[in-house]
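Notes to accompany the following structure.
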Ligand code: MG
């Protein structure tokens, strides 16, 4: 069975009060979106991922999270249903079941996902829901007054969660109805309107939706309680500076009279960072994996070495939490290039640029670095096991 998971993260998500859309906010070392994506990426039945991002995410600094499954990124629409419709257009034609999950529910469990997939395959449409535990009142509003007009029997009330699962043809009908002008707050409502029975499966009270600042605070406490110690690694590199060589740092060519001398591009930032990641993972050092004698690495950008180090760490069960680099050189100043450098390193590692820091220092004229004869870099990386990081 082919199962596509659509992760709806296309909203502005600003009700929480932050300038950053909430799906990109940090939750115990990973963004809310990364956690939601990881829940489906790690699920054994999911075969494809589609992530809906806000329309301006081409300009914003967020990188899609790194995933094991093929992932497609689509742009969100004005309403949630427009976003899901855009995503549906990208669903593999061979998909049997399509799940729609709200990125703001990062604590969804594998059990809930499994139940949704099974029920959707069997019945055509099924959503996770939980029984209401509070008594539900229908009210009439008059100005600021609210008066109860009815107490609704609690056992008839369920609170909808996500994932919501559909056979492909059922979601196609729901999407078509939405495109014809029908408004709905979720895909289940469109499927109902299209004449399909939507079944409920047992959701999870822990599968909360993060909407307010209080929700985020509670979620962070919960995520922090599960955080475990990571592993740290350091790296150091130094190259001589000579006339007539380009100065390449973190893959960026910095305008400079002098450049670093070396067999490769002599990128001290990438070399120090590569060693930090390899060191944290206990995988040896840059010379062991990328020897000077191997012609493959001779003219390669050192970003490739960094990318390889991150994938070696991933293969060993780790992912990079964050990386911090200090570059020591007398001139030129690198501050105007730092954002570009961070972006390139983050892309090579497969993490968000917010997890990469680069700082420039001089050596105050002291020693070879201070005399401008060399450039040096120190790096530290923190890595975490993937199973810790994904939850
Ligand atoms: Mg080096």
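Just a few scattered comments:
- Filter result for residue 224 (touching a helix residue (DSSP H, G or I) at 6+ places or on another chain (Cβ under 6 Å) and either in contact (Cβ under 8 Å) with a residue 12 or more places away in the chain or away from the ligand (no atom under 16 Å from the Cβ) (or both)): no
- Any hit, the range 102-112, residues being buried (at least 20 other Cβ atoms within 10 Å of the Cβ), farther than 19 Å from residue 189 by Cα and more than 19 Å from the chain's Cα centre (by Cα): yes
- Hey, residue 317 within 16 Å of the ligand (Cβ to nearest atom) and within 17 Å of residue 381 (Cβ to Cβ) or not: no
- Residue match in the range 147-156 (condition: in contact (Cβ under 8 Å) with a residue 12 or more places away in the chain and either within 14 Å of residue 100 (Cβ to Cβ) or outside the structural domain of residue 92 (by TED's automatic domain parsing) (or both)): no
- Residue 262 meets all of the listed conditions (1) free of Cβ contacts under 8 Å to residues at least 60 places away in the same chain; (2) surrounded by 14 or more Cβ atoms within 10 Å (Cβ to Cβ); (3) in a helix (DSSP H, G or I); (4) within 16 Å of the ligand (Cβ to nearest atom) but one, namely (3).
- Matching entry among 279, 287 (being away from the ligand (no atom under 12 Å from the Cβ) and either farther than 22 Å from residue 350 by Cβ or surrounded by 13 or more Cβ atoms within 10 Å (Cβ to Cβ) (or both)): 279
- Scanning the range 227-255 for residues that are modelled with pLDDT of 95 or more and away from the ligand (no atom under 15 Å from the Cβ), we see that the one that is surrounded by the most Cβ atoms within 10 Å (Cβ to Cβ) is 233.
The values are calculated or read from the model by the stated rules, or taken from the named source; none is laboratory data. None of these values were measured; they are calculated from a predicted model. Positions of Cβ are backbone-derived with ideal geometry, glycine not excepted, and every protein chain shown enters the neighbour counts.
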